[in-house]
Structures are given as structure tokens and as C-alpha cells.
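Novice: Please read through the structure below; I'll follow up with questions.
Taken together, the values in this text are just the output of simple stated rules run on the coordinates, not laboratory data. These numbers were taken from a predicted model, which means no experiment stands behind them. We place every Cβ from the backbone using ideal geometry, glycine too, and count neighbours over all the protein chains shown.
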Amino acid sequence: MQNPSISIKNLIALCVLLVAGSCTKADEAQKEFEQQAFRLSENITETNSAGEVTSTDPDDWRVSPLYSSFVEVSPAYPNPTNGESIKVELLVTGLGSVNGLEIYFFDETDRLRLLNFDERIPLPVGFTEYEVNPLQFSSGNTIAGAIGLHRVLIYDRRGDIISYGDIKIE
């Protein structure tokens, strides 16, 4: 007869290996997503002032593997904008899943600059709308200085990227 404690030990070891393997795959997927987020902006998902999508960029406003089960991000609108405030909506579906939020963009010197933040930990379940003034994309707070294509990154307060997308100011 086989010793049951050996079987249990083997079972526990197998479970540890499986969990470790799945964590590694999840970590790799998150790292790949973050690398994609730091690529140069190329296109936008075009939206009107009501938030309706008129043209899609498949690389815009995807949700990271870390948050794909808990968060949905609607494309920024209006996009492009001539100076209207830009809105980004998040739908949090998992209670306690998002610890705060920070929205950044790359400025003209390729440094990350804060656009908006939410200190609530955790974010409440449901829709939350964040508004961004296009003047924030300009170091001189002018529309002329803000004109261009901007990569926007949405982070949690732990520094993990939730989503990213591009905004065009005309």
C-alpha cells in the first residue's frame, strides 16, 4: 500500500508548480502589454462628443491582462478634439479590484506628466468618468502647444498599467 502522505506531498508540489507557472505567464503577458503601451502613438480611435466610436484603432484602450476581468475602458471622447474637454470612462466590475488611479501622458520631452488621479482605494464598482482639459497637454497651457497625438496611460496607484490609448488634439 502506498504511503498517503507522499501522495499528498506530491499533490501539493504539483499545485505549487502549476500556480507558479500560471503566475509567470500572467507576469509575462503584463510585461508585454506594458511594452506595447510605451510604443509611439500612431492612430486613434475616433469618437464624437457623445462618445460614439466612428473609427477604431485596435491598439487603443485595451485593458491589461492584470485587469481584464475587473475593468472595462471606453475610448476617450471626443477624439480628436479641437479644445473640448476629453472624457475617459472606466467600468470597474470587481469589488476591491482597483486601488486608486492615475492618468498620465508623455510630454514633449518624453517624460510622464500627470493628467488626473483618483485617490479612492479601492475604486467603487460601477462607472467612473475622468475629465481631462486639453490644455494640460501643453507646457504653456495653450491649445497651440497641445496640438498633436498624445499617448495616455492609465495606472493603478501601485504602478501597474491598466490601459492606454491615444488622443489627438487639432
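Novice: Ordered by residue, what ³J(HN,Hα) values in Hz, to whole numbers, does the range 116-123 give under the Karplus form 6.51 cos²θ - 1.76 cosθ + 1.60, where θ = phi - 60° and Gly and Pro are x?
Specialist: My calculation for the range 116-123 gives 7, 8, 9, 7, 4, 10, x, 5 Hz in order.
Novice: Could I ask something else about it? List, in order, the whole-Hz ³J(HN,Hα) value for each residue of the range 163-170 obtained from phi through the Karplus relation with A = 6.51, B = -1.76, C = 1.60 and θ = phi - 60°; use x for Gly and Pro.
Specialist: In residue order, the calculated couplings are 7, 8, x, 10, 10, 10, 10, 9 Hz.
Novice: Length gain on complete extension for the stretch R113 to N99, per 0.36 nm per residue less the alpha carbon to alpha carbon distance?
Specialist: Length gained, R113 through N99: 3.1 nm.
Novice: Give me the one-decimal nm value for the distance between modelled label points at E170 and S68, 7 Å along each residue's Cα-to-Cβ direction.
Specialist: Computed distance between label sites E170 and S68 equals 3.4 nm.
Novice: Further question: List the residues whose amide H sits under 5 Å from the amide H of N116, counting only those 5 or more places along or on another chain, with H placed 1.01 Å from N in the peptide plane.
Specialist: Long-range HN contacts for N116: I103.
Novice: Can you compute the label reach from N48? Point 7 Å from Cα along the Cβ direction, backbone N cut-off under 20 Å, restricted to the range 56-80.
Specialist: 56-57, 74-80
Novice: Based on the alpha-carbon gyration tensor of the range 51-170, what equivalent-ellipsoid semi-axes (square roots of 5 times the eigenvalues) come out, in whole Å, largest first?
Specialist: Semi-axes (√(5λ), whole Å): 24, 16, 12.
Novice: Here is a further query. Would you please give the residues with an amide H less than 5 Å from that of T56, counting only those at least 5 places away or on a separate chain, with H modeled from the backbone geometry?
Specialist: E46
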